[in-house]
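Below is one structure; the comments refer to it alone.
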2 protein chains.
Amino acid sequence: MSRLSPAEIEGLLRAAPEWAVVGDAISRTFQFRDFAEAMRFVNQAAAHAERVQHHPDILIRWNRVTLTLSTHDAGGVTHKDVDFAHFAEGLKP
Amino acid sequence: MSRLSPAEIEGLLRAAPEWAVVGDAISRTFQFRDFAEAMRFVNQAAAHAERVQHHPDILIRWNRVTLTLSTHDAGGVTHKDVDFAHFAEGLKP
């Protein structure tokens, strides 16, 4: 799987504009009502990560969860990361 | 609850030497066999956080989990943070 260009990433994330390119990764912070709701989201994202064997970095700060996605083998952002971002967008807390 | 001095923190964490003072917080990175084991630890820590109503920042990077603890109301590290650190030390993956 080869890394995407900045223009490709931008095109693929047009439907998910809250994601930003940060270095060699894409990242978004989700906000929830409280910690319990944030943890439900984290566990749904974690289950998906195991299913697809692609694991975002996950930062939990009470009601906020930041997912950071990169494909280390490819040295940047690939379709795997974009697919995960779209999946996360579809999660309901 | 008032913030502890660096000497007090050091004394209280003598039995948990892998914790470090980082700015106004204490922090430790735990390493596990894999992501699934890391997530079990995170969920145990999260359940405790809800019980004691004190929530660490939690960073998950595949098999590594970093807990960062600070008491925002006190502007630094208090007994609440040290207590949480000791609880986390006692968790089995």
- Message: I need the Debye-formula profile for the protein assembly as shown: one equal scatterer per C-alpha, no solvent, reported as log10 I(q)/I(0) at q = 0.15, 0.18 1/Å, two decimals.
- Response: -0.89, -1.14
- What area, in nm² and to one decimal, does the C-alpha convex hull of the stretch A:6-89 cast on average over all directions? 5.1 nm²
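Using unit Cβ charges (K, R positive; D, E negative) and no other charged atoms, how large, in debye to the nearest 20, is the dipole of chain A about its Cα centre?
Working: 10 positive and 12 negative charges, 59 e Å.
Rounded to the nearest 20 debye, it is 280 debye.
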- Query: In the protein assembly as shown, with Lys and Arg counted as +1 and Asp and Glu as -1 at Cβ, which of these residues, B:62, B:76, A:41, has the Cα nearest the positive end of the dipole, that is, farthest along it?
  - Reply: A:41
- Message: Just to be sure I understand: chains A and B are related by a rotation, so which residue of A has its Cβ closest to that axis, and how close in Å?
- Response: A:59, 2
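Run the helix sum for chain A: -39,500 (n - 2.57) per DSSP H stretch of 4+ residues, divided by residue count, reported at 222 nm to the nearest 500 deg cm²/dmol. Could the numbers behind the result be given before it?
Numbers: 3 runs with 37 residues, N = 93.
Theoretical 222 nm ellipticity from helices: -12500 deg cm²/dmol.
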- Task: Distances from residue A:54 to the same position in the other copies: list them in nm, one decimal, shortest first, using label points 7 Å from Cα along Cα→Cβ.
- Result: 4.0
- Against the longest principal axis of chain A, how steep is helix A:79-90, in degrees 0 to 90 to the nearest 10, with axes from Cα atoms? 30 degrees
- Hey, for residue B:14 with labels 7 Å out along Cα-Cβ, what do the inter-copy distances come to in nm, ordered shortest first? 6.4
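Just rank B:55, A:48, B:72, A:86, fewest to most, by other beta-carbon atoms within 10 angstrom. Show your work: numbers first, answer last.
Numbers: B:55 21, A:48 17, B:72 9, A:86 14.
Fewest-to-most ranking of B:55, A:48, B:72, A:86: B:72, A:86, A:48, B:55.
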- Kindly put B:5, B:27 in sequence by how many other C-beta atoms sit within 10 Å of each C-beta, fewest to most. B:5, B:27
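In what sequence do A:3, A:28 fall when counting other Cβ within 10 Å, fewest first? Before the final figure, lay out the partial values.
Working: A:3 17, A:28 20.
So the ranking, lowest neighbour count to highest, is A:3, A:28.
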- Between residue A:83 and residue B:87, what is the FRET efficiency for a Förster distance of 35 Å, r being their Cβ-Cβ separation, to the nearest 0.05? 0.40
- Message: Skipping prolines and chain starts, which residues have an amide H placed within reach, meaning under 5 Å, of the one on residue A:4, given they are 5 or more residues away or on another chain?
- Response: A:77, A:78
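Read-outs: derived from the displayed coordinates by stated rules, not from any lab. On a predicted model such as this, the values are computed, not experimentally measured, just so you know. Every residue, glycine among them, receives a Cβ derived from its backbone with ideal geometry; neighbour counts consider all protein chains shown.
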